[in-house]
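I have placed the structure first, in the form of structure tokens, so that the comments after it can refer back to it.
The values are calculated or read from the model by the stated rules, or taken from the named source; none is laboratory data. Note that the coordinates shown come from a computational prediction; the quantities given were computed from them, not determined experimentally. We place every Cβ from the backbone using ideal geometry, glycine too, and count neighbours over all the protein chains shown. The accessibility values were calculated without ligands, DNA or RNA, using every heavy atom of the protein model including side chains. Shrake-Rupley method; radii C 1.70, N 1.55, O 1.52, S 1.80 Å.
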Amino acid sequence: MEHIIKVLPYLLEGIKYTFLITIVGVALGFVIGAFAGLGRLSKSKIIYWLCTTYVEIIRGTPILVQILFIYFGLSDLLGINLDKVTASIIAIAINAGAYIAEIVRGGVQSIDKGQFEAGDSIGLTKRQTMWYIIWPQALKRMIPPLGNQFIISLKDTSLFSAIAVGEVLYQGKAYTAAAFTYFEPYLMVAVFYLAITIPASIILRRVERRLDV
Amino acid sequence: MEVVIIEFFESIRFDILWNYRSLFIHGIWITLGLTVVGYTCGIILGLLFGLGKMSNKKWIHYPSRWYIDFFRGTPLLVQILLIHIAVIPTIFGQSLGFFVSGALALSLNCGAYTAEIIRAGIQSLDKGQMEAARSLGMPHNMAMKHIILPQALRRMVPPLGNELIALLKDSSLVTVIAATDILYAAKIVQGATFRVWEPYILAAIMYLFLTYIVTKIVAYVEKRFSTSYVPSKRPKIFSLSRTFTGGR
């Protein structure tokens, strides 16, 4: 029982990293995903295949493989010692980017064709149609799956304990190694994640209802 | 930068992996074994808890809901560590090996996701189906078994296929409890040869290959179970081509 209280400060330290990596990573992932998702709708064959390859490779391999690949491989390629948190943010951004690309593609494709045609017929260029007409409508439909992706990415940050980033799971692990007790610390780690994911999904459900999508 | 990249491509040597081929082949079996066991048990658990979550009885509804919320709300890695390091040694006094804890964690995790799929599949059916069955005099369980589940099953097939692919990839996480799967083989080779690119590229290719095969199987099963499937136009069993979509 005493371990439950003793482990708290460690986990609170870890949650900073968890939030930092998730928020920055998913934000970058959204930028990557927006480009890759629109790229998959492109008529240019090169752009289409580039984006499709990216999405298929990332969605077809486990995230742990990607993390180890980016942390060890990228450091090896660039010949520098990549900072662990930077590597984690890159990994989350690249991983979430592929999933978000599919969300973006789905969102844009779900918009009625008439909207494109209407944009064309009032003399807007393709880019203007996309930016002023399609994108705002599609974004509204993307919010629920984007929220899901955020929660998934948040849980995925636990994998960074494999490369010793000091997020929640790693802090819990470090505590178990020092205290020689396993049940309570790991249970508290699980409770910490639940304490974030359950409210997040409740908020998400409310937003969905508000948006009425 | 250019020089670095050229040097880098010259330095990649896949031939060193040949000595470690048995590790990777063993890894494929472990990965597939864990996936199959986890998926099978997961579907059974999912069916129980998915139906449990829809139950009117409070003592069935709430435990099912807690189970689903817990396993969907926490990372799989935490669940694996909790089960392997904390739960099993506390109950049995010793570890039962990576396969037992890995399969247990994957089953429980898969079960929670499957439960939601099954619940959604059943709730997506028209209420009239259950009412019709009940008005014919069937008891609730019988109506569920003979009327609702067969129809709901068709709607569950696509998300269940996705779950299988997700589970296949998630099985890579058992490598943290030293299960000798594909990723573990890559890690071993990394440790033995101090090379990072080749083993991880191979691991990635193997996972891509496995997910590709599973995707094809899932696509075939999906077509077979789709509502537009016409048995009289049945193609040859092993033809996976897209030509038989039939009268669409």
(message) If a residue must be among the aliphatic types (A, V, I, L, M), in contact (Cβ under 8 Å) with a residue 60 or more places away in the chain and within 15 Å of A:G25 (Cβ to Cβ), how many such residues does region A:121-167 contain?
(response) 5
(request) Being modelled with pLDDT under 90 and open to solvent by less than 50 Å² (accessible area, probe 1.4 Å) is the filter here, so list the residues in region B:131-142 that pass it. (result) none
(request) Look through region A:167-178, keep the residues that are surrounded by fewer than 24 Cβ atoms within 10 Å (Cβ to Cβ) and small (G, A, S), and return whichever of them is farthest from the chain's Cα centre (by Cα). (result) A:A178
(request) Go through region B:172-186 and give me each residue that's over 14 Å from A:P62 (Cα atoms) and surrounded by fewer than 24 Cβ atoms within 10 Å (Cβ to Cβ). (result) B:I177, B:A178, B:T180
(request) Please indicate, with yes or no, whether at least one residue in region A:33-45 is more than 17 Å from the chain's Cα centre (by Cα), aliphatic (A, V, I, L, M) and open to solvent by less than 80 Å² (accessible area, probe 1.4 Å). (result) yes
(request) Kindly indicate whether any position in region B:7-15 is within 13 Å of chain A (Cβ to nearest Cβ), touching a residue at least 24 places away in the same chain (Cβ under 8 Å) and not in a helix (DSSP H, G or I). (result) yes
(message) Just the residues that are open to solvent by less than 100 Å² (accessible area, probe 1.4 Å), part of a loop (DSSP other than H, G, I, E, B) and modelled with pLDDT of 55 or more, please, taken from region B:210-248.
(response) B:S226, B:S228, B:Y229, B:V230, B:P235
(message) Every residue in region B:44-87 that is open to solvent by 20 Å² or more (accessible area, probe 1.4 Å), of a type in the set (S, T, Y) and in contact with a helix residue (DSSP H, G or I) (Cβ under 6 Å, 6 or more places away or on another chain), please.
(response) B:S55, B:Y67
(request) List the helices (runs of 4 or more DSSP H) that sit entirely inside region B:112-205 and contain at least 2 residues that are within 14 Å of chain A (Cβ to nearest Cβ). (result) B:149-170, B:182-193
(message) Quick check on B:W66: is it within 14 Å of chain A (Cβ to nearest Cβ), without any contact (Cβ under 8 Å) to a residue 12 or more places away in the chain and among the hydrophobic types (A, V, I, L, M, F, W, C)?
(response) yes
(message) As an exercise: evaluate A:S44 against (1) more than 13 Å from chain B (Cβ to nearest Cβ); (2) touching a Gly at 6+ places or on another chain (Cβ under 9 Å) and give the number of the one condition it does not meet.
(response) (2)
(message) Can you pull out every residue in region B:118-129 that is free of Cβ contacts under 8 Å to residues at least 60 places away in the same chain and open to solvent by 40 Å² or more (accessible area, probe 1.4 Å)?
(response) B:A120, B:S124, B:D126, B:K127, B:Q129
(request) Those residues that are farther than 26 Å from B:K216 by Cβ and either within 13 Å of chain B (Cβ to nearest Cβ) or surrounded by fewer than 15 Cβ atoms within 10 Å (Cβ to Cβ) (or both), I need them from region A:47-75; list them, please. (result) A:I67, A:L68, A:I70, A:Y71, A:F72, A:G73, A:L74, A:S75
(message) Among the listed residues A:Y99, A:Y182, identify the single one that is free of Cβ contacts under 8 Å to residues at least 40 places away in the same chain, surrounded by 16 or more Cβ atoms within 10 Å (Cβ to Cβ) and in contact with a helix residue (DSSP H, G or I) (Cβ under 7 Å, 6 or more places away or on another chain).
(response) A:Y182
(request) Would you mind telling me which numbered condition in (1) at positive phi; (2) within 14 Å of chain B (Cβ to nearest Cβ); (3) open to solvent by 50 Å² or more (accessible area, probe 1.4 Å) A:A164 fails? (result) (3)
(message) Any residue that is under 21 Å from B:N162 (Cα atoms), polar (S, T, N, Q) and modelled with pLDDT of 90 or more - is there at least one of those in region B:18-37?
(response) yes
(request) Would you tally the residues in region B:69-97 being at the interface with another protein chain (Cβ under 10 Å from one of its Cβ atoms), part of a helix (DSSP H, G or I) and not β-branched (V, I, T)? (result) 13
(request) For region A:185-194, name all the residues that are open to solvent by less than 10 Å² (accessible area, probe 1.4 Å) and of a type outside the set (F, W, Y). (result) A:P185, A:V189, A:A190
(request) For A:V104, indicate whether it is touching a residue at least 24 places away in the same chain (Cβ under 8 Å), under 29 Å from A:Y17 (Cβ atoms) and either open to solvent by less than 50 Å² (accessible area, probe 1.4 Å) or not hydroxyl-bearing (S, T, Y) (or both). (result) yes
